[in-house]
Amino acid sequence: MALSVSLLAGCGGEGQPPSPDRSAGPDRPPGSGESSGPEAVTASVRVVAEDEAQLHLWVSNQSFLDDPARITVRIDGIEVVDRDFLVEGQHSWSLFPLALPAGKHDLRVVAADGTTLSERFRTRAGATRYAVADYFHYAGGRPQVSWRIQDEPVAFD
């Protein structure tokens, strides 16, 4: 069953490619950090073409209060996202296709205001996973980051 994120009519759900100067990859050395265990091979965590990805990570700023919002994502200590995200009507997600080895992985999402989410997830050899990390901050509430991961593609409808 696909995760469905309801959007207002007329809003698109297409993601933008990662900013090449802000994402770890072949042209930028990964951030500092070490493997979280024997199953995580940090040198293998990197942004790749969609058809090469084991994890399709969608990131979004859902906060009109913090627009833009800088969001940083690290997997196993490797920075794979670090950029400003515009709220754009709360209906915009950016795709970061990632290569990473099968096994357990540590995720850390940090917003510029210090809001942090840490989770552990698993990938399997030969399987693709799909995830969404959203930053929220509403008037009268405290900022938060949500995380969902699944085996089916994400449906933004």
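How large is the convex hull of the Cα atoms of the range 39-157 per residue, expressed in Å³ as a whole number?
It is 98 Å³ per residue.
Sequence-distant or interchain residues sharing an amide H contact under 5 Å with Trp58, placed H: which?
Phe96, Ala131, Val132, Ala133
Full-extension gain between Thr128 and Glu88, please, as 0.36 nm times their residue separation minus the C-alpha to C-alpha distance. Before the final figure, lay out the partial values.
On the way: separation 40, 0.36 × 40 = 14.40 nm, distance 2.82 nm.
Gain on stretching Thr128 to Glu88: 11.6 nm.
Each residue of the range 61-67 in order: what ³J(HN,Hα) in whole Hz does its phi give by Karplus 6.51 cos²θ - 1.76 cosθ + 1.60, θ = phi - 60°, with x for Gly and Pro?
In residue order, the calculated couplings are 9, 10, 10, 6, 6, 10, 9 Hz.
Zone of Glu119 (label point 7 Å along Cα→Cβ, backbone N under 18 Å): which residues in the range 59-95?
59-63, 71-82, 92-95
Every number here is computed from the coordinates shown, using simple stated rules; none is lab data. Please read these numbers as outputs of a predicted model, since none were measured by experiment. Heads up, the Cβs are rebuilt from the backbone with ideal geometry, glycines too, and the neighbour counts pull from every protein chain shown.
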